């Protein structure tokens, strides 16, 4: 990278070759208004807000698309520029219904902010305002064409970052409209419901249905946390108001998921209508009844310790969800392993990383020149990985090899597909290095290969690494997908991922937390287990069959750390306080050990 | 091969075909056969002769006798007179506009003899569907010569010497552009021919492709040689099916003859051409939009830089010129850049084809040296304004251009002079308007066109043109106030300055130029609520002159709103002004001149 | 939600598959593929767009975006007849806009729409390049030159009726498919010199000092070839080109009262033609040469 120097507004500033004028301005903290610009996607120069004057140029030019050149003399502000920007805004306001007071985005709207900033206090042209329908078909997001300024941010994000290609422009001229697929309602379209379009929309055209009209950003608190829905641990921002989490947003500052989230992370964890467990429950006379914390803890200790006394440490089991934080797992082990010496302590979803390869980040995937996907369906369970792979293939021309039935959408982009049933995937992976095969050729010439593997694949054959003759230092890399937020942390703590309670266990403690998937697994075993205690956030059939129930906070209410798929420690931070009567899991278990 | 005594050139340009020239050909061939003349007289179907309003047109060689408006029914008589009796068939000759004398030959016809044909030299002379005729006139010689004897540098040097500027609109020096592409780094490069002639009123590119397609193919191959590209694309608009068909056939013939394909003239140079057909979007004439369209995307322009010469088709350096520019290349190569530079003015070299249309006696394509005055074109070549009306303005450059008023009739038609009066050469549309044309209406027409053709990407063009149209509409309806005129001017300036591509940047030109020369007419609409040219429906009224009315009821029966009623006890009709929608049907159908506009 | 819903649903379209295969499923050939599909199907129905997306590897929204961007693609079924009015500059200055408005009024649809009965699709074009002939209207590929709003009804009725001549009863409107001079019996109809694609009647004409050949439309009796303002100057007198018998002094038009032209139609019926657009069949016992006297008796 060579440095260039420009004169902007009479000030000497530095930039790098390849920068646009806008980039140089950003580096030097020079404000240039933008509307269609969005970091990470290609520039289209549509909105004309960032027009600047370049000395010697024929006319005004857009800062976002014009490459900065050494010695350029640029003016970003002048009366003429200012009035052009104001005129552009005036036209935009006259085009569709931008009456702010009824708009969800009012106060957080970039168009509105630009209008204030440029002193656009009235619109002198007739309002064109064609009548447009609202698309509220989608469960999580809504599209109001009336507020759309056609900046195409959503279109570009959907195509370039997400790779879904669900959004586009239809018709032309003044009739241009945002459309999904062939003009279907969003719910009937190929939308993957990742919500990236909503997050980048500068106006109130695409908005989150749950948080709509529930407050502007300045009335809310925003807390950075990490998503526990899978082992990627995507960086999120929790937006909350009055003790309620309004929405989950991707943290754009994260170099990993960069603002992207999957449907589960962004929407599903908030949008369930499950009944919470709000206070401790103890079975009395065959019925579960409310109890105080002391009562419940005493009943728990009595049940567990009675079984241990009768059948030895082997008669006691503790099973956690691998969504639980390191702190909660430590407290669990503190009581059951260290104090009671039980051999039956596990964490469902715990998964260790395969040996012998450096861990690949999402960033690595995006920059890879070869990606090999094997095992688990990344599209279904790890959408954000799928987005990164799409981006690498479509935007940067990476080669893709798919082994097994993983990632249906990605199969279209793959240069080699090795079909295999789920029990054959591991074996099929080994065939990639078969002499003379297309895949071997690809692997041999790849400089930056990434293996993305998931269940049932647990190891990457060393032969693959050996085949990668052209690989750079530190490559190939492996991203091993895992199902739970703290799968890696649980494995590191030595907890195994077994899915059942060992034979002969007479008392079990299940730390489910807000993991709604794991409790049902124990339903068939309920009768074998004499005493059952459950620590859960939500009511469920197993909860109803337990002897002691301890309420647990959900992930947006708690603090703690997790270890993600790449072995990096990520943090959970509470955005809201848990309901009264709900205590942190780690604290509760720590109390037991004393 | 029989030695023909005579050749009949039958114009088969788009205009003549729509007037029915193909049945004329059939009749002619049948008649010649019947009279046993088939071995003596040859019928050749050529491209556009240029005089489109006279079609179907026949020119009989060697005497160059020019017959107009020939119908199949005329053919037996014509063959009888011309080929058997050896005399000119007078009924189908053209009459001189000034003297009323009959004009027998093409040479005597002012419409033709004032023109200098370089681009159109083969149009109307050769059979465009037969490569042999092109080759017989020296075709593909230049390509062979360039490949075997010259270097790319030499070609570009000649081009620079010629002073040729792009004929598509902006007038960028062609030699410089070719040089950019040649010097641009890149393995793969492309040559593109822009035949998306979208300017309403311009049809020279169509005529060249219809009448002399090999000329364009040869030039593109030369361009490929100069820019070291091996693939060319011709992007033709879908509205020109004949041009597409003939160009396709020409490409096929050139491939078979070895003028396109691998290792041309036994050199290492390979070049091939494909056709891409547009689908109805004016904006695709803009080069970056055109490239997007060739790539199979929406035809949406992108900001430049990077210019196509650096990053064009699929990100590769791409040379784009329009048909007329390519049509100049072969003569420049054969006769030299200096020769070409000797034609035209100091800064605008060579010739320019104008598509003369509108309120003018001789309509069609005219090719004149740059710098020919507007007056010469309108009066000497065009034969002046018909029906005794007065010249009011000439519109050049289509929706990107402006109007030239009568006071500038002596302006030389070249890039600089036209720019000085606020218009452009553009692609060469030249629409003549008389007093019956309302300038506000003309501006509104172009703005409606731009609104319709805006791609919708940037707000100044997408919304701006719509709002300008709205203001103009208000003016033509007599609902505007004087402030609206100021708003209009401000908005035009803004759209011009901040639009993304050429379409938006030039869209306000027709408004600005009519405001410059015909401001009074705007003011009349606004202040007096009156349209002096009697065009704007809201500002005129129709009535029936009872003295002239014969009571034939034709108007009443054709009135779509049934607003014309019979005056009681009289054989006269009247229009109910309150319900009249001013469609003008009664005016058109009245055979007695009884319906009057006021 | 199914992740690939956008391009997997839709009936299998073998025609589209064949077209895409001819272009090797190339992404860049999308426009050409869509054009061919439209030519085959008449328009671009949704299942065809889905099939195109599937066969070119592009997303449905991409295909849809392209199809809706270009004006020559139609996403809705089109009428049996396509009426396309040119709105180029040359046509505009000669009144093209009024022609479009008249068409739109007559058909009851706006440009770009199809009449509810599925008969007509009205389109406008931004210059067809036939500037010398403007205003131009193209109906099903046939060019009508120098159109004005007054001609619009005629053009549409021609398109509607096609070329077939109705077997008209007495008093009905008729299309003349055969005509002879009632005096000398020689043919008047000349297929080689059509007006708007239909054979015309060749007559000699005289008006206000002008003498020459004129043609009469066989569809509606409108006179062509005489000086444009002939009718306004003085009545045009028409004669048989063979025997110079006067043709227009026998009967008067029942509608407008001006003298009509009377000719014998193919089946022996007499057709009375008038410049106002009326032409009605008068069935009478008149036949061949010498019929002139009998016609005189009729009047």
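Readers should treat all values here as calculations from the given coordinates under stated rules, not as data from a laboratory. Small disclaimer: the values here were computed from a predicted structure and weren't measured. Note that we place each Cβ from the backbone using ideal geometry, even for glycine, and neighbour counts take in every protein chain shown.
Using the Kirkwood radius over C-alpha pairs as Rh, can you work out the diffusion coefficient of region A:3-77 via Stokes-Einstein at 4 °C, viscosity 1.567 mPa s, in µm² per second? Could you put the intermediate results ahead of the total?
Values: Rh = 12.1 Å.
Answer from the Stokes-Einstein relation: 107 µm²/s.
Calculate how large, on average over all directions, the projected area of the Cα convex hull of region B:86-195 is; give the answer in nm² to one decimal. Walk me through the numbers on the way to the answer.
Details: hull surface 47.0 nm².
Seen from a random direction, the Cα hull of region B:86-195 projects 11.7 nm² on average.
Within a 10 angstrom radius of the beta carbon, how do B:583, C:243 rank from fewest other beta carbons to most? Let's see the in-between values first.
On the way: B:583 23, C:243 13.
Least to most surrounded, the residues fall as C:243, B:583.
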So the FRET efficiency between residue A:458 and residue A:341, C-beta based with R0 = 30 Å and rounded to 0.05, is 0.55
Going by how many other beta carbons lie within 10 Å of each one, how would you line up B:587, B:112, fewest first? B:587, B:112
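When DSSP assigns beta bridges and you keep just the ones with both residues in chain B, what percent turn out antiparallel, to the nearest 5?
Values: 35 of 62 bridges.
Antiparallel bridges: around 55 percent, rounded to the nearest 5.
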Can you compute the modelled spin-label distance between residue B:347 and residue B:102, with each label point 7 Å from Cα toward Cβ, in nm? 5.0 nm
Between helix A:383-396 and chain A: long-axis angle, C-alpha atoms, 0 to 90°, nearest 10: 40 degrees
From the Cα centre of region A:159-198 to that of region A:213-284, the distance in Å is 25 Å
In the protein assembly as shown, if every C-alpha pair distance is counted and binned at 10 Å from zero, what percent goes to each bin? 1, 7, 13, 17, 17, 14, 10, 8, 6, 4, 2, 1, 0, 0
With each label point set 7 Å from Cα along the Cα-Cβ vector, what nm distance links residue B:435 and residue B:228? 6.4 nm
Out of all DSSP beta bridges in the protein assembly as shown, what portion is antiparallel? Express it as a percent rounded to 5. 60 percent
Intensity falloff of chain A expressed as log10 I(q)/I(0), Debye formula with alpha-carbon point scatterers, at q = 0.06, 0.09, 0.13 Å⁻¹: -0.39, -0.82, -1.32
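Once you have a ≥ b ≥ c as the square roots of the Cα gyration tensor eigenvalues for region B:338-470, tell me rounded if a/c is under 1.5, and otherwise prolate or oblate according to whether a/b is larger than b/c.
Numbers: a/c = 2.34, a/b = 1.35, b/c = 1.73.
It is oblate, given that a/c is not under 1.5 and a/b is not larger than b/c.
Note the full-extension length gain between residue B:548 and residue B:145 as 0.36 nm times their separation in residues minus their Cα-Cα distance, in nm to one decimal.
Working: separation 403, 0.36 × 403 = 145.08 nm, distance 7.14 nm.
Residue separation times 0.36 nm, minus the Cα-Cα distance, leaves 137.9 nm.
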DSSP beta bridges in chain A [antiparallel fraction, %, rounded to 5]: 50 percent
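Could you work out the per residue convex hull volume over the alpha carbons of region B:493-583, in cubic angstrom?
Working: hull volume 14.4 nm³, N = 91.
It is 158 Å³ per residue.
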Can you grab the distance from the C-alpha centre of region C:87-145 to the C-alpha centre of region A:123-155, Å, no decimals? 33 Å
Using r as the Cβ-Cβ distance of residue B:87 and residue C:142, and R0 as 41 Å, what FRET efficiency do you calculate, to the nearest 0.05? 0.70
Within region B:433-452, which residues have the backbone N less than 16 Å from the label spot 7 Å out from residue B:597 along Cα→beta-carbon, could you tell me? B:433-445
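Using R₀ = 45 Å, calculate the FRET efficiency as 1/(1 + (r/R₀)^6) where r is the Cβ-Cβ separation of residue A:253 and residue B:154; round to 0.05. Walk me through the intermediate numbers first.
Numbers: r = 57 Å, r/R0 = 1.27.
Approximately 0.20, to the nearest 0.05.
Just check region A:362-481 against the gyration tensor rule for me: Cα atoms, a ≥ b ≥ c as the square roots of the eigenvalues, rounded for a/c under 1.5, and otherwise prolate or oblate depending on whether a/b exceeds b/c.
Values: a/c = 1.42, a/b = 1.06, b/c = 1.34.
The shape class here is rounded.
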Take residue B:576 and residue A:31, extend 7 Å from each Cα along the Cα→Cβ direction, and tell me the distance between the two endpoints in nm. 6.3 nm
Computed Kirkwood radius, in angstrom, where 1/r is averaged over Cα pairs of region B:6-109: 13.5 Å
Which residues in region A:81-98 place their backbone N less than 15 Å from a point set 7 Å from the Cα of residue A:121 along the Cα-to-Cβ direction? none
13 Å reach of a label modelled at residue B:314, 7 Å along Cα-to-Cβ, counting backbone N of region B:194-230: B:230
Calculate, in nm to one decimal, what residue B:30 and residue B:80 gain on full extension: separation in residues at 0.36 nm each, minus their alpha carbon distance. 16.7 nm
From the Cα centre of region B:501-564 to that of region B:167-181, the distance in Å is 41 Å
Take the alpha-carbon positions of region A:1-143, form their convex hull, and give its projected area averaged over all directions (one quarter of the hull surface) in nm². 10.8 nm²
Working note, region C:81-161: Cα radius of gyration (Å, one decimal) and Dmax (Å, whole number) are 11.2, 34
Provide Rg and Dmax in Å for chain B, with only Cα atoms included in the calculation. 26.1, 90
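Which of A:562, A:518, A:120, A:132 comes first, and how do the rest follow, when ranked by fewest Cβ neighbours within 10 Å? Could the numbers behind the result be given before it?
Values: A:562 29, A:518 24, A:120 18, A:132 15.
Going from least to most buried by this count: A:132, A:120, A:518, A:562.
Assign one of three labels to region A:462-576, namely rounded, prolate or oblate, based on the Cα gyration tensor with a ≥ b ≥ c the square roots of its eigenvalues; rounded applies when a/c is under 1.5, prolate when it is not and a/b is larger than b/c, and oblate otherwise.
Values: a/c = 3.51, a/b = 1.81, b/c = 1.94.
Cα axes put region A:462-576 in the oblate bin.
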